[in-house]
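Heads up: the structure comes next, in structure tokens.
The values are calculated or read from the model by the stated rules, or taken from the named source; none is laboratory data. Not measured: the values here are computed from a predicted model. Glycine also receives a Cβ, built like all others from the backbone with ideal geometry; neighbour counts cover every protein chain displayed. Each accessible area value is taken on the protein alone, full model and side chains, heavy atoms only, with ligands, DNA and RNA left out. Shrake-Rupley method; radii C 1.70, N 1.55, O 1.52, S 1.80 Å.
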Amino acid sequence: MTSTPTALWVVPVPNFGGVARHVVDMVRAGLPGFNMVVLAPEGKLTSCLEELGVTVIKAEFGPDYGFMTSFASLQKAVEQIRPDIVHSHLAYADVVATAVVNALRIRSVIKRGTCVPKLLTTEHGIASNDSVYHGSSWRSKLMETVHRVRLWGTDQAIAVSRSTADQMRVKWGARGVELVYNGVDIPEVHAAVEQQRVPVERGPRILSLSRLSPEKGIDVLLDAFAQLRADYPQAHLEIAGSGDLASELRAQAQRLNLGDSVTFSDFVNPIEAMGRSDMIVQLSVWENCSYTLLDAKAAGLKTVATAVGGNLEILGADELVDRQSATLTQDVLQAMRAQLQKGEAEPFTWSSNEQMAAQTTEIYARTLEKK
């Protein structure tokens, strides 16, 4: 009897974010035909995964522990559970996993019986503008080289959007990249938001769900919102999130005399925040496959976002604005006006989490068949 193959997911973050959401959604959907084990540093993510019943290896792994400790943790896990596949997520895990698996490949030449799993990677965050993630030209060049090298030792690369796959090819020379979109279970998200729905009492309610950092364009949103109030005096803007620009953005709101028409709410439950909102505006310099936009569309909220990265694969042309436009504030204002004047949102279709999991296991099966 052939045993069920095992996929070891390697994640270098302890808490929730886009990648943790991806992991949890995949666990809930299940990997048909595969056992799934997750290696990650102890934290909220591992606690959630344990509650869901998945096998978790809580390890000293990630940037906080350093390369050598992370290497040792992953190597020990591979030797103990002997997975058929190691699937890494985020750059740190990609680099460590490549080092571990290729070290095992070398060892297998002189030591029979060495477990050498297939190595897969999913790219969640790469931008056309290197400064978005790396900040300096030397660092971006260094990381470009690192990614090119580690992909040589990777059996299969996966991207969460066509845009992401294109950037992997252009920047890193990646070949044969498979596309698996982040999934969203539309009925479940819609029902969850409706359960939190707060009826409209006055004007339209705009929501921003992002870090308070320069690349998110929240300063532009504030300027556009200030002008929107000429048409909708009772409009309200909720800015949810934290970051380095918190004090600057609060000062900007004060200069614009926005008073209590703007709320800075720090960390929030995104489903609850959507339940008290009518529109989400996201003006990022880059997005790969935004869960915020997927959830907003699933919930039936109106949306305005920049025409960058994977946003063009989620939204329609009338929901997008050019991030490089010399009249960006006016473009955002006009797009918000247009969306607010529309009726109910058209039905949204997208890959479910079950479909995302099925696509992933199909890739696993094909990869294991390759010699």
So, by mean Cβ neighbours within 10 angstrom, what's the order for 193-201, 312-320 with the highest one leading? 312-320, 193-201
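Please compute the net charge surrounding GLU123, taking Lys and Arg as +1 and Asp and Glu as -1 over other residues with Cβ under 14 Å from its Cβ.
Net local charge, GLU123 excluded: +1.
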Past the 23 Å Cα-Cα mark, which pairs from LYS58/LYS171; LYS76/LYS111; LYS44/LYS216; LYS216/LYS302? LYS58/LYS171; LYS44/LYS216
How do ASP295, ASP331 stack up against each other in accessible area, from largest to smallest, with a 1.4 angstrom probe? ASP331, ASP295
For a label point 7 Å from the Cα of ALA103 along Cα→C-beta, name the residues of the range 148-172 whose backbone N is under 17 Å from it. 150, 153-154
So, counting K/R as plus one and D/E as minus one, what does the shell of residues with Cβ under 13 Å around THR98 add up to? +2
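Using the alpha carbon gyration tensor of the chain, what are the three equivalent-ellipsoid semi-axes (square root of 5 times each eigenvalue), largest first, in whole Å?
Equivalent-ellipsoid dimensions as semi-axes: 40, 21, 18 Å.
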At what distance in nm do the modelled label points of ASN35 and ALA345 sit from each other, each positioned 7 Å from its Cα along Cα→Cβ? 4.0 nm
With the contact rule set at Cα under 8 Å and sequence spacing of 6 or more, what percent relative contact order holds for the chain? 16 percent
Inter-part distance where the range 232-272 and the range 151-196 are each reduced to a Cα centre, Å: 31 Å
Measuring from its Cα centre, the range 147-290 shows a charge dipole (+1 at each Lys and Arg Cβ, -1 at each Asp and Glu Cβ) which, in debye to the nearest 20, is 480 debye
Note on the range 183-250: contact order normalised by length, alpha-carbon pairs under 8 Å, 6 or more apart, percent, works out to 42 percent
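How big is the charge dipole of the chain about its Cα centre, in debye rounded to the nearest 20, if each Lys and Arg gets +1 on its Cβ and each Asp and Glu gets -1 on its Cβ?
Dipole about the Cα centre, nearest 20: 1400 debye.
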Using the Kirkwood formula on alpha carbons, the hydrodynamic radius of the range 196-280 in angstrom works out to 12.9 Å
Among PRO83, GLN227, TYR364, the residue whose Cα sits farthest towards the positive end of the charge dipole of the chain, when +1 is placed on the Cβ of each Lys and Arg and -1 on the Cβ of each Asp and Glu, is PRO83
With the dipole of the chain defined by +1 on each Lys or Arg Cβ and -1 on each Asp or Glu Cβ, the option from VAL160, SER70, GLY217 whose Cα lies farthest towards the positive pole is SER70
Starting from the Cα of GLU272, step 7 Å along the direction of its Cβ; do the same at ARG255; then give the gap between the two resulting points in nm. 3.3 nm
Leaving out ligands, DNA and RNA, what percent of the accessible area of the chain is carbon and sulfur, probe 1.4 Å? 50 percent
Point-charge dipole on Cβ atoms (K/R +1, D/E -1) for the range 281-355, about Cα centre, debye to 20: 220 debye
Could you work out the relative contact order of the range 268-315, using alpha carbon pairs under 8 angstrom and six or more residues apart, expressed as a whole percent? 43 percent
Between 0 and 90 degrees, rounded to the nearest ten: what's the tilt of helix 353-369 against the longest Cα principal axis of the chain? 30 degrees
Segments 9-22, 145-158 sorted - mean Cβ within 10 Å per residue, highest first: 9-22, 145-158
Output the peptides 265-271, 300-306 sorted from most to least packed, where packing is the average of other Cβ atoms within 10 Å over each peptide's residues. 300-306, 265-271
For the range 212-371, what class follows from the C-alpha gyration tensor (a ≥ b ≥ c being the square roots of its eigenvalues): rounded when a/c is under 1.5, otherwise prolate if a/b is larger than b/c, else oblate? prolate
Under 15 Å from the Cβ of ARG112, count the other residues' Cβ atoms, weight Lys and Arg +1, Asp and Glu -1, and hand me the total. +3
Cut-off under 5 Å, modelled amide H: who pairs with GLN282 long-range: VAL304, ALA305, THR306
Please calculate how many Å² of accessible area the chain carries per residue, with a 1.4 Å probe and no DNA, RNA or ligand atoms counted. 47 Å²
